[in-house]
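Have a look at the structure below before the remarks.
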Amino acid sequence: MNVWEEHEGNQPMQKERLKLMEYGLKEALIIKLKDEQVKDIIAFSMDQIKASNLVQMLIQLASMEVNGKYGSAFLASEGVASTMQLKNLSAEQIDEVVWDYKTHQDKALAIKAVKERIIEGQQDKFSSYGYDKINIKAAMDDDELGL
């Protein structure tokens, strides 16, 4: 089954899936995406149309979605988190941010939650190496954290 067969009769979704193929995403990946995920990835692509690494970001979003990080494309399309930030979050953390954002509709709060969860993850990573919790935010600049 290919993108054409799976969405026969659903013209708008078929066009969106074909657009992802035009961007360079593989059909095998696109088929695994749910309609809502496709819509979010397309919305993200429209906002990032001039980005030099657009194809890479779209592939990353699609891969995160099919690998259990549901809501990644939604957060990216809403401008809550970048693909780099999303890569640094667990599926559970992404789910929490999506739920909070949809519940409270507060973008600034959601952006802050993403940054805090990245910092927490970095602190947990360092503590697993035997370091005490340190102020990672002070030790690293925002670019290194993906913020």
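The values are calculated or read from the model by the stated rules, or taken from the named source; none is laboratory data. Here the structure is a predicted model, which is why all the values come from computation and not from measurement. Here the Cβ is made from the backbone with ideal geometry for all residues, glycine too, and neighbour counts use every protein chain on show. Please note that ligands, DNA and RNA were not included when accessible areas were found on the heavy atoms of the full protein model with its side chains. Shrake-Rupley method; radii C 1.70, N 1.55, O 1.52, S 1.80 Å.
The one condition from (1) under 9 Å from the mean Cα position of the chain (by Cα); (2) farther than 12 Å from Val114 by Cβ; (3) among the polar types (S, T, N, Q); (4) open to solvent by less than 20 Å² (accessible area, probe 1.4 Å) that Ser72 does not meet is (2).
Glu78 meets each of the listed conditions (1) out of contact with any Lys or Arg (no Cβ under 8 Å at 6 or more places or on another chain); (2) open to solvent by 50 Å² or more (accessible area, probe 1.4 Å); (3) at pLDDT 95 or above apart from (1). Scanning segment 28-54 for residues that are in a helix (DSSP H, G or I) and open to solvent by 60 Å² or more (accessible area, probe 1.4 Å) turns up Ala28, Lys32, Glu36, Lys39, Met46, Asp47.
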